[in-house]
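The values are calculated or read from the model by the stated rules, or taken from the named source; none is laboratory data. Nothing here was measured: the structure is a model prediction, and the numbers come from that model. In this analysis, Cβ positions are derived from the backbone assuming ideal geometry, glycine residues included, and neighbour counts consider all displayed protein chains. In case anyone asks, the SASA skips ligands and DNA or RNA and just uses the protein heavy atoms, side chains included. Shrake-Rupley method; radii C 1.70, N 1.55, O 1.52, S 1.80 Å.
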Amino acid sequence: MRWAPSAVRAHSSEVDRIEAPVTLRGYLLCVFAAFGGILFGYDSGYINGVLGMNFFKQEFGHPGSTAEDAYNGYLYHTWQKSLIVSILSAGTFFGALFAGALADWIGRRSTIIAGCVVFSVGVALQVASTGTGLLVAGRLIAGIGVGFVSAIIILYMSEVAPKAVRGAIVSGYQFFITVGLLLAAVVDQSTMSRMDAGSYRIPMAIQWVWALILGVGLFLLPESPRWYIKKDKYHEAAKALSILRGQPLESPYIRDEVAELVANHKYEMELMGSSSWIDCFRGGWKPNSNLRRVVLGMALQMMQQWTGVNFIFYFGTTFFQQIGLKNPFVISMITTVVNVGSTPLSFWAIEKLGRRTLLIWGAVGMLICEFIIAIVGTAVGDSSKATSICLTVFICIYIFFFATTWGPGAWVLIGEIFPLPIRAKGVALSTASNWLWNFVIAQITPYLVGADEANLKSKVFFIWGTTCTLCVIFAYFLVPETKGLSLEQVDRMLEETTPRNSAKWSPHQAYADHRSASDAEADKAAEKISENGVDHHEAV
């Protein structure tokens, strides 16, 4: 498979033959869902430039400001800036939590489409706004829609992607986030000089395009086969797998993969008995317990936010203005170009080097850059040319490390570590954690760097450098290696080894192999598939 990066687990066995070889068509079908990242990226990024636009300051601000970045004495208050940016994350927090239950009820694909509809309503309110109140309401509602999409698109891609390229496919979500950020920067740059409502309404309205493409495109994709298994719809699962894997319905690969999914789900349900929200917090602190997996998923997303990268993408333009950098819009665009250009490297690295390795060394690279920026800014002064050059160069290097490691890595892992009964809810809780800390950082950062508040300027990078140091410690002791494993094999790996030894573990038995042939439920599952056209004498 020369056209796509793929993972091969050390000491792989005959168990690997359960899944069909990856076809280009199947790969592209799975990749399309990653387009959902563009909603997240663009919606997060456009506000960065809009807040720096002169007409927006005049329209939404208040007269009498003496701040350096005011326009004709007009500027919004710090609390307004904080609320406008952070309210999106508040909406996504609640949207992600609600989506976890909805995805188990109506399906993964339908939940994402519903998110596109809710998002579009929020965009309409933003475009119509002429004051802070309606703009905040629109971003809150759009955030709920983004919460639906951001939580369930990861779940959907993880469940439909072949294990050999799952990391690369889910990394595509982060890539589209960066594309969304870049498109937002380009649009903002194109409209920033307009002295009419089009300056901010055009960037807002373009969000509709992304929701339309994703919502319509998903009608052409099948539902997650694992959701069908969860609902005891075995034939539908086989048909979905046939489309996704590019294999005929009668293929032994489809037969064996359905068998493994059914057997694994049955085994998990025997252990758990149900899949309620409370089940997400059961099991104590055992390596494979639900509680430990949920804490790991939520901590991964928290740590991704603690890297501090959204400080650049949310407040970069106004921060660069504040410390006196020339062409702040251009610098913001450069940072987003670096973000987009770096992310595709993760498609290869996440499968060849592994998730755990990337997170450890990515955090090391980021903390070095952040401490250098903070030390130079403190020692030389923020307004010096040396500080300007240092800040621009090392922010770009810092973004490179994030884009190739923690950016995609955290999303990939939360889609892999949960068992099927609680997977939708576990991913939802993890994504909600991302948005909760996104909200917290967006809320407090204006106060940390605001000229009328703490005014830390470059010293704020001491904070991000410290939190990245915590990311290194967290990844080394708690993050397992999941590359090259099916979602069912990840369950077994978590049962049998520790995070620090997980890279050495290899699959040695399929779930379907040790299920009793006389098991009545197994026979029933096999009959259901066979009756509908799948030759499946070994269903479970």
**Complete:** Those residues of region 77-107 that are in a helix (DSSP H, G or I) and open to solvent by less than 30 Å² (accessible area, probe 1.4 Å) come to a total of 19
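Within region 252-259, does at least one residue satisfy the condition of being open to solvent by 60 Å² or more (accessible area, probe 1.4 Å) and within 24 Å of the chain's Cα centre (by Cα)? If you could, list the steps in order and put the result at the bottom.
Filtering region 252-259 for residues open to solvent by 60 Å² or more (accessible area, probe 1.4 Å) gives 252-253.
Next, only the ones that are within 24 Å of the chain's Cα centre (by Cα) stay: none.
No: zero hits.
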**Prompt:** What is the number of the single condition among (1) under 22 Å from LEU181 (Cα atoms); (2) touching a Gly at 6+ places or on another chain (Cβ under 6 Å) that LEU83 does not meet?
**Reply:** (2)
**Asked** Among the residues of region 108-132, how many are in a loop (DSSP other than H, G, I, E, B) and surrounded by fewer than 17 Cβ atoms within 10 Å (Cβ to Cβ)?
**Response** 2
**Item:** Every residue from region 192-208 that is touching a residue at least 60 places away in the same chain (Cβ under 8 Å), surrounded by fewer than 24 Cβ atoms within 10 Å (Cβ to Cβ), part of a helix (DSSP H, G or I) and not small (Gly, Ala, Ser)
**Value:** ARG201, TRP208
**Matching residues in region 41-74 - criterion: being open to solvent by less than 60 Å² (accessible area, probe 1.4 Å), among the charged types (D, E, K, R) and over 18 Å from LYS326 (Cβ atoms)** = ASP43, LYS57
**Request:** Look at MET333 and say whether it is open to solvent by 20 Å² or more (accessible area, probe 1.4 Å), under 27 Å from LYS425 (Cβ atoms), out of contact with any His (no Cβ under 6 Å at 6 or more places or on another chain) and assigned by the TED database to the domain that holds GLY415.
**Result:** no
**Prompt:** Only one residue in ALA184, ALA128 is small (Gly, Ala, Ser) and touching a Phe, Trp or Tyr at 6+ places or on another chain (Cβ under 9 Å). Which one?
**Reply:** ALA184
**Prompt:** If ILE206 passes every condition in (1) at positive phi; (2) within 23 Å of the chain's Cα centre (by Cα) but one, which one does it miss?
**Reply:** (1)
**Message:** Can you find, within region 339-396, the residue that is most open to solvent (accessible area, probe 1.4 Å) among those that are more than 17 Å from CYS471 (Cα to Cα) and outside any helix (DSSP H, G or I)?
**Reply:** SER383
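Every residue, every condition in (1) in the same structural domain as GLN301 (by the TED database); (2) open to solvent by 10 Å² or more (accessible area, probe 1.4 Å); (3) over 20 Å from GLY377 (Cβ atoms); (4) out of contact with any His (no Cβ under 7 Å at 6 or more places or on another chain), yes or no:
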| site | (1), (2), (3), (4) |
| --- | --- |
| GLU416 | yes, no, yes, yes |
| ALA424 | yes, no, yes, yes |
| SER430 | yes, no, yes, yes |
| ALA442 | yes, no, yes, yes |
| PRO446 | yes, no, no, yes |
| LEU456 | yes, yes, no, yes |
| THR467 | yes, yes, no, yes |
**Prompt:** How many residues are free of Cβ contacts under 8 Å to residues at least 12 places away in the same chain and within 26 Å of ASN48 (Cβ to Cβ) if we restrict to region 342-365?
**Reply:** 0
**Item:** Condition met for ALA211 (touching a residue at least 40 places away in the same chain (Cβ under 8 Å), within 18 Å of ARG25 (Cβ to Cβ) and either part of a helix (DSSP H, G or I) or among the aliphatic types (A, V, I, L, M) (or both))
**Value:** no
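So that you can scan it fast, the table gives a plain yes or no per residue for (1) outside the structural domain of PHE439 (by the TED database); (2) at pLDDT below 90; (3) under 23 Å from PHE439 (Cβ atoms):
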| site | (1), (2), (3) |
| --- | --- |
| THR307 | no, no, yes |
| GLN322 | no, yes, yes |
| ASN327 | no, yes, no |
| VAL340 | no, yes, no |
| ARG356 | no, no, no |
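Can you go through GLN174, GLN189 and tell me which one is assigned to a helix (DSSP H, G or I), among the polar types (S, T, N, Q) and either open to solvent by 20 Å² or more (accessible area, probe 1.4 Å) or touching a Cys at 6+ places or on another chain (Cβ under 8 Å) (or both)? Reasoning before the result, please.
Details: GLN174 fails: either open to solvent by 20 Å² or more (accessible area, probe 1.4 Å) or touching a Cys at 6+ places or on another chain (Cβ under 8 Å) (or both).
None of the other options fit; the residue is GLN189.
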**Prompt:** Across region 298-330, what is the number of residues that are open to solvent by 50 Å² or more (accessible area, probe 1.4 Å) and of a type in the set (A, V, I, L, M)?
**Reply:** 2
**Prompt:** Being without any contact (Cβ under 8 Å) to a residue 60 or more places away in the chain and not hydrophobic (A, V, I, L, M, F, W, C), is that true of even one residue in region 372-379?
**Reply:** no
**Asked** Counting only residues that are touching a residue at least 40 places away in the same chain (Cβ under 8 Å) and assigned to a helix (DSSP H, G or I), which one in region 214-229 is surrounded by the fewest Cβ atoms within 10 Å (Cβ to Cβ)?
**Response** GLY217
**Item:** Residue pairs meeting the criteria (Cβ under 6 Å; at least 6 apart or on separate chains; first under 15 Å from GLU159 (Cβ atoms), in region 421-437; second open to solvent by less than 10 Å² (accessible area, probe 1.4 Å) and outside any helix (DSSP H, G or I))
**Value:** GLY426/PHE418
**Complete:** The one condition THR469 fails out of (1) touching a Leu at 6+ places or on another chain (Cβ under 7 Å); (2) at pLDDT below 85; (3) among the hydroxyl-bearing types (Ser, Thr, Tyr) is (2)
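Does SER171 meet the test of being at pLDDT 85 or above, closer than 15 Å to TYR27 by Cβ and either among the polar types (S, T, N, Q) or more than 22 Å from the chain's Cα centre (by Cα) (or both)? Give the derivation first.
Working: at pLDDT 85 or above: yes; closer than 15 Å to TYR27 by Cβ: yes; either among the polar types (S, T, N, Q) or more than 22 Å from the chain's Cα centre (by Cα) (or both): yes.
Yes: the conditions hold for SER171.
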